[in-house]
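Trainee: Have a look at this one.
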Amino acid sequence: MKTTILGLPAKENAQLITELNTLLSSFQVYYQNLRGIHWNIRGKRFFDLHIKFEELYNDAQLKIDSIAERVLTLGGTPLHTFEAYIAHNQVTVGKDVSKDEKAIQLIVASLTTLLKIERTILEQSGAIADEGTNAMMSDFIAEQEKTIWMMHAWLEE
């Protein structure tokens, strides 16, 4: 069996890189959604939500960098064009979202989609004992599950 420089099976490693690039693309769209709602949010909750959305997009930006670096570590090339992001994205694109509930619903839907991708990656990386990718996905999943729970709590007003 052919292995990578990290000792991972080459075929499965290549599949993992593909999935990580899907996650990278979807995170880029999620990030842009967050920027859009940060800029366009209106209403009585503006101040609180404006700050929260900035916190979320800063976190997403860090995760994007981590995903791209993981792709590189595994020997792949991270996608890096808008054309590639759109082609591989799985997150709903938010457009002209300015209402608080619509913004929170977009975040929840986006995170739910990201979780599905991350769980697929976690399963694949676990099967080949890729602890680096496992740890990253586990951290992302735990954080995003908490954010979804908090957003659902906010929606229950």
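Trainee: Of all helices (runs of 4 or more DSSP H) completely enclosed by region 1-97, which ones contain at least 3 residues that are farther than 21 Å from residue 113 by Cβ and modelled with pLDDT under 95?
Mentor: Values: elements: 10-40, 46-73, 82-88.
Hits in region 1-97: 46-73.
Trainee: So which residues in region 128-142 are of a type outside the set (Gly, Ala, Ser) and either more than 11 Å from the chain's Cα centre (by Cα) or more than 21 Å from residue 110 (Cα to Cα) (or both), if there are any at all? Full working, then the answer.
Mentor: Initial filter on region 128-142 (of a type outside the set (Gly, Ala, Ser)): 128, 130-131, 133-134, 136-137, 139-141.
Listed by number, the residues that qualify are 128, 130, 131, 133, 134, 136, 139.
Trainee: Taking region 101-127 as the region of interest, how many residues are over 13 Å from the mean Cα position of the chain (by Cα) and either at pLDDT below 95 or of a type in the set (Lys, Arg) (or both)?
Mentor: The number of residues fulfilling the criteria is 1.
Trainee: Specify the residue that is nearest to the chain's Cα centre (by Cα); the eligible residues are those in region 143-157 that are farther than 20 Å from residue 92 by Cβ and acidic (Asp, Glu).
Mentor: The selected residue is 143.
Residues are listed down the side, and each one gets a yes or a no for (1) touching a residue at least 60 places away in the same chain (Cβ under 8 Å); (2) in contact with a Phe, Trp or Tyr (Cβ under 6 Å, 6 or more places away or on another chain); (3) of a type in the set (Gly, Ala, Ser):
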| position | (1), (2), (3) |
| --- | --- |
| 12 | yes, no, no |
| 26 | yes, no, yes |
| 38 | no, yes, no |
| 42 | no, no, no |
| 82 | no, no, no |
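Trainee: Here is a check on your reading of the model: is residue 104 farther than 28 Å from residue 4 by Cβ, out of contact with any helix residue (DSSP H, G or I) (no Cβ under 7 Å at 6 or more places or on another chain), in contact (Cβ under 8 Å) with a residue 12 or more places away in the chain and part of a helix (DSSP H, G or I)?
Mentor: Numbers: farther than 28 Å from residue 4 by Cβ: yes; out of contact with any helix residue (DSSP H, G or I) (no Cβ under 7 Å at 6 or more places or on another chain): no; in contact (Cβ under 8 Å) with a residue 12 or more places away in the chain: yes; part of a helix (DSSP H, G or I): yes.
The answer is no for residue 104.
Trainee: Moving on to the next point. For region 119-137, which positions are assigned to a helix (DSSP H, G or I) and surrounded by 15 or more Cβ atoms within 10 Å (Cβ to Cβ)?
Mentor: Let us first name the residues in region 119-137 that are assigned to a helix (DSSP H, G or I), namely 119-127, 131-137.
Of everything in region 119-137, those that are assigned to a helix (DSSP H, G or I) and surrounded by 15 or more Cβ atoms within 10 Å (Cβ to Cβ) turn out to be 120, 121, 122, 124, 125, 133, 134, 136, 137.
Trainee: I've got another one for you. Quick one: would you say residue 36 is small (Gly, Ala, Ser), closer than 19 Å to residue 151 by Cα and surrounded by 15 or more Cβ atoms within 10 Å (Cβ to Cβ)?
Mentor: Values: small (Gly, Ala, Ser): yes; closer than 19 Å to residue 151 by Cα: yes; surrounded by 15 or more Cβ atoms within 10 Å (Cβ to Cβ): yes.
When the stated conditions are applied, residue 36 passes them.
Table: residues versus (1) touching a Ser or Thr at 6+ places or on another chain (Cβ under 9 Å); (2) over 22 Å from residue 28 (Cβ atoms).
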position: 65; (1), (2): no, no
position: 90; (1), (2): yes, no
position: 101; (1), (2): no, yes
position: 153; (1), (2): no, yes
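Trainee: Does residue 49 satisfy the condition of being farther than 20 Å from residue 141 by Cβ and buried (at least 16 other Cβ atoms within 10 Å of the Cβ)? I'd like the intermediate steps shown before the answer.
Mentor: Working: farther than 20 Å from residue 141 by Cβ: yes; buried (at least 16 other Cβ atoms within 10 Å of the Cβ): yes.
So residue 49 passes the test.
The values are calculated or read from the model by the stated rules, or taken from the named source; none is laboratory data. These numbers were taken from a predicted model, which means no experiment stands behind them. Counting neighbours? That spans all protein chains shown, and the Cβs are built from the backbone with ideal geometry, glycine included.
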